[in-house]
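Here's the structure, in structure tokens; my notes come after.
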Amino acid sequence: MDRQTALHVLQLPEAPTPDEVHDAFEAHVFSIRDFLFRQTVVPQVFRAKVDRLLTASEVGETLGVELPCLDGTVPEMAPLEGTADAVVRIHADNVGRLRTSMAATLDPTCLSRLGECLVRIQHHYLEWMAAWSSDRDLDGAEIKPMRDEWSPAALAAALEAERKGEEAQEKVASNLLAELLRIRTLAQSAVTA
């Protein structure tokens, strides 16, 4: 990558000061990291953000800017096993560990490794949950936008109650079907992408 392209990525003029370069680079990487922290993990979208982090690494190298990486190691992930409610809780813990590691760095190379791991574990989780729910009829399930995603705690609680044979309120049962449909749809789109 040449200097002009790197400056363009950061939306900087031709001759910025070193402080302007550093501040723009930090803001650029921070915005990507912030997205990875706050948004629902959709593998295709997150893969695009990881690609932006790789581009940011090139920008940093080209412009001679470095950001701190306190700990670039990828934390150990617990395997997805057990009941569906246990898998939801394990996955939420794994995502939390990765996001905690992301908080310790602004280095785009470190963040891209962590982001890639986040994409992989989400893909694996979606596959597991789609396979687990494959025999469940979801024809009447409501299609909800991503912003209405259930929290992992709520999903795990509903799955646990169902596993224990507890009768669910109509709204909980409806939300469970909608969430399983969302997961199955994400899993299918992740395979075709």
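At-a-glance table
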| read-out | value |
| --- | --- |
| Candidate set: region 94-106, residues that are touching a residue at least 24 places away in the same chain (Cβ under 8 Å) and of a type in the set (Gly, Ala, Ser); chosen: the one surrounded by the fewest Cβ atoms within 10 Å (Cβ to Cβ) | 103 |
| Pairs, first crowded, with 23+ Cβ neighbours inside 10 Å in region 110-129, second of a type outside the set (A, V, I, L, M) and outside any helix (DSSP H, G or I), C-beta under 7 Å, six or more apart | 110/69; 110/72; 111/105 |
| Members of region 152-193 found to be surrounded by 15 or more Cβ atoms within 10 Å (Cβ to Cβ) and of a type in the set (Asp, Glu), listed by number | 160, 162, 179 |
| Pair list, Cβ < 7 Å and 6+ apart or interchain, from region 74-93 residues that are open to solvent by 30 Å² or more (accessible area, probe 1.4 Å) to residues that are modelled with pLDDT of 95 or more and not in a helix (DSSP H, G or I) | 90/78; 90/80; 93/78 |
| Residue 33 vs. criteria buried (at least 20 other Cβ atoms within 10 Å of the Cβ), charged (D, E, K, R) and touching a Gly at 6+ places or on another chain (Cβ under 9 Å) | yes |
| The lone exception for residue 58 - which of (1) open to solvent by 20 Å² or more (accessible area, probe 1.4 Å); (2) within 16 Å of residue 33 (Cα to Cα); (3) more than 13 Å from the chain's Cα centre (by Cα) it fails | (2) |
| Number of the condition not met by residue 146 [criteria: (1) in contact with a helix residue (DSSP H, G or I) (Cβ under 6 Å, 6 or more places away or on another chain); (2) open to solvent by 40 Å² or more (accessible area, probe 1.4 Å)] | (1) |
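The values are calculated or read from the model by the stated rules, or taken from the named source; none is laboratory data. This structure is a prediction, so every number in the text was calculated from the model and none was measured. Methodologically, a virtual Cβ is constructed for each residue, glycine included, from the backbone with ideal geometry; neighbour enumeration extends over all protein chains shown. Accessible surface is based on the protein model in full, side chains and every heavy atom, while ligands, DNA and RNA are left aside. Shrake-Rupley method; radii C 1.70, N 1.55, O 1.52, S 1.80 Å.
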